[in-house]
Amino acid sequence: MNITKKLFTEYIKDFNFKGLFNYLGWDNIRVKFPSIQIKNENFFFNSITKKSSFVVLECVSTDGNIPTYSLRSKIDSELRKQIQEHMIIFTNSSKTEQVWVYSYRYNGKARKVEVSYNTSQDVERLYQRAAGLFFSIDDQENITIFDVTQRMNENFATN
């Protein structure tokens, strides 16, 4: 089973990431992650979901804007010290923009993929990547971190 583009669009436009990932077969998470301070600005994390030990978080800044590319990289690096395998969805306070950031290693080198979305755009680019993150109920018992990172790589790390 996959998610339809129509249903995916509703989740994304509502910024309902928890609902989206629950629909995709991911698990609830109750862990609260500490904020990260960079250049006197605090960045807070809302736990969205997990699968095995892979975690998806939403990041919001104190000023309500999505951080610059270089700040997103620093936030990602700092978070990696706490959680090796993760994805961060940066959002603005007006709920009009999202930047999905997935970092991974390829041939021993750190790589990063970003997918941006603005509510005035079509969700197609994000849909093509995120719709493949579905885990069926039959998969649930045997999922490992390797399975999750492989699925992430197949959907986010490739064009």
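Things to note:
- Annotation: aspartates and glutamates with alpha-carbon distance below 16 angstrom to Lys74 (same-chain offsets under eight excluded): Glu41, Glu58, Glu85, Glu114.
- Ligands, DNA and RNA aside, Tyr69 has an accessible area near 130 Å² when probed at 1.4 Å.
- The stretch 107-150 shape via C-alpha gyration tensor axes, a/c threshold 1.5: oblate
- Using a cut-off of 28 Å between Cα atoms, the listed pairs Lys13/Lys109; Lys51/Lys112; Lys51/Lys109; Lys13/Lys81 include Lys13/Lys109; Lys13/Lys81 as exceeding that distance.
- Residues whose placed amide H lies under 5 Å from that of Gly25, excluding near-sequence neighbours: Phe135
- Ranked by the mean number of other Cβ atoms within 10 Å of their residues, highest first, the peptides 45-55, 25-35 fall in the order 45-55, 25-35.
- Each pair of Cα atoms in the stretch 50-113 enters the Kirkwood radius, and Stokes-Einstein at 25 °C and 0.890 mPa s then converts it into a translational diffusion coefficient of 199 µm²/s.
- The value given for the chain is a Kirkwood hydrodynamic radius of 16.0 Å, derived from the mean inverse Cα-Cα separation.
- Of the trypsin sites (Lys or Arg not before Pro) in the stretch 63-106, the ones in a loop by DSSP (not H, G, I, E or B) with at most 14 other beta carbons within 10 Å are Lys81, Lys95.
- If you wrap the tightest convex hull around every Cα atom of the stretch 1-73 and split its volume per residue, you get 115 Å³.
- Fraction of accessible area attributable to carbon and sulfur, the stretch 43-150 (%, probe 1.4 Å): 47 percent
- Modelled spin-label separation between Gln128 and Asn65, with each label point placed 7 Å from Cα along the Cα-to-Cβ direction: 3.0 nm.
- Note that the chain presents 53 Å² accessible area per residue, ligands and nucleic acids not counted, probe 1.4 Å.
- Computed magnitude of the charge dipole of the stretch 25-159 (debye, nearest 20; Cβ of K, R +1, Cβ of D, E -1): 500 debye
- Accessible area (Å², 1.4 Å probe, nearest 10) - Glu114: 40 Å²
The values are calculated or read from the model by the stated rules, or taken from the named source; none is laboratory data. Owing to the predicted nature of the structure, the values given are computational and were not obtained by experimental measurement. Methodologically, a virtual Cβ is constructed for each residue, glycine included, from the backbone with ideal geometry; neighbour enumeration extends over all protein chains shown. With ligands, DNA and RNA removed, areas are computed over all heavy atoms of the protein, side chains included. Shrake-Rupley method; radii C 1.70, N 1.55, O 1.52, S 1.80 Å.
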